[in-house]
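Remarks on the structure that follows.
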Amino acid sequence: MERGIKMAALKKKTPWEQEWHDLARKEEKFIARRKEGPTSVLVKKLDRFIPDKLSGTLNAAFFKGFQVIFEKGTGIIEKTYNKDKKKADFKVDTYAHELMNNKKSARTFTKRAKSTKAANLMISSVEGIGLGLVGAGIPDIPLFIAMVLKSVYEVALSFGYEYESDEEKIFILKVIEAAMCDEDEFIAKNSELNDIIDYIAANGDEIGGWKIDKEEQMRATSRCLSEEMIYTKFLQGQFVVGIAGGVFDPIYVNRISNYAVLKYRRRFLRSKMAQGKSI
């Protein structure tokens, strides 16, 4: 009897409520996995071999990569996917859900966000391993950033969000920063992002009012990237063992992409709630 009541209560959940419940479970799993970073204890033993200046060099390279790609590279990235089609798909999915209003139609947005991940990971693997084979660690950074931004841009479009304004770029940079911070810092950054998403949703999904400008956020994000990737980029820069460092590029792209899906999905659902939708 009790089980029947619980099942009936579960069935009464709206599609958006089911989506919110699924998101909560996915976020818990991501946080648990985040405690097990891809940089192993063995790799961290490389500390004594890493040049003192490498951290600063990497940091500067990541910052320059963001600077160049944000200013000149977005159009090039957009040539790798059909932006207009993705925007049209979002409108079609929205209309389809308004008609059907079921779990399947509500889940479509997340499915689309995940659908391009496999192709992006394959490209990232070829790029990372290929440059690793020739001992190119630092030159790989602009390509790595381009792949990360391509993945995040496609996730954003799947949930109906643009990415051209400085305000949206700061949000994207914060997503990347949180995904790449160490375990303790990640918990704080993730909580901060959730608060930011709540604030954005409560203000009509209007983003802005940052206490940090784009350049400052690029520096903060670059710091997290360089600290997390210093071991793998060091390996990737060595001609003989470069492939060992290169194989980590798709791991990091996958981590950032998965986290971007969670945060844009949360933002999307929070906005539905602010509009009076029941979740």
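The values are calculated or read from the model by the stated rules, or taken from the named source; none is laboratory data. Because the structure is predicted, anything quoted here is derived from the model rather than measured. Here Cβ is always computed from backbone atoms with ideal geometry, including for glycine, and neighbour counts include all displayed protein chains. Areas reflect the complete protein model, heavy atoms only, side chains present, ligands, DNA and RNA absent. Shrake-Rupley method; radii C 1.70, N 1.55, O 1.52, S 1.80 Å.
With respect to the stated conditions, T232 fails to be open to solvent by less than 30 Å² (accessible area, probe 1.4 Å), at pLDDT 85 or above and of a type in the set (S, T, N, Q). Can you say whether I212 is open to solvent by 30 Å² or more (accessible area, probe 1.4 Å) and modelled with pLDDT under 95, as far as the supplied structure shows? Answer is yes for this residue. Checking each residue in the range 83-118 for being part of a helix (DSSP H, G or I) and among the hydroxyl-bearing types (S, T, Y) picks out T94, Y95, S105, T108, T110, S115. The set of residues in the range 154-205 that are surrounded by fewer than 17 Cβ atoms within 10 Å (Cβ to Cβ) and either β-branched (V, I, T) or touching a strand residue (DSSP E or B) at 6+ places or on another chain (Cβ under 8 Å) (or both) contains only I187. Just to be sure, is A96 at pLDDT 85 or above and hydrophobic (A, V, I, L, M, F, W, C)? For A96, the condition - at pLDDT 85 or above and hydrophobic (A, V, I, L, M, F, W, C) - is met. Taking residues in the range 89-101 that are on the phi > 0 side of the Ramachandran plot, and partners anywhere that are surrounded by 17 or more Cβ atoms within 10 Å (Cβ to Cβ) and in a helix (DSSP H, G or I), the pairs with Cβ atoms closer than 8 Å and at least 6 places apart or on different chains are N101/P15.
Conditions tested, residue by residue: (1) among the hydrophobic types (A, V, I, L, M, F, W, C); (2) modelled with pLDDT of 85 or more; (3) more than 20 Å from W20 (Cα to Cα); (4) buried (at least 17 other Cβ atoms within 10 Å of the Cβ).
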| position | (1), (2), (3), (4) |
| --- | --- |
| K44 | no, no, yes, no |
| L58 | yes, no, yes, yes |
| K87 | no, yes, yes, no |
| R107 | no, yes, no, no |
| T116 | no, no, yes, yes |
| L121 | yes, no, yes, yes |
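Quick check on A260: is it at pLDDT below 50 and of a type in the set (G, A, S)? Spelling it out, it is not the case that A260 is at pLDDT below 50 and of a type in the set (G, A, S).
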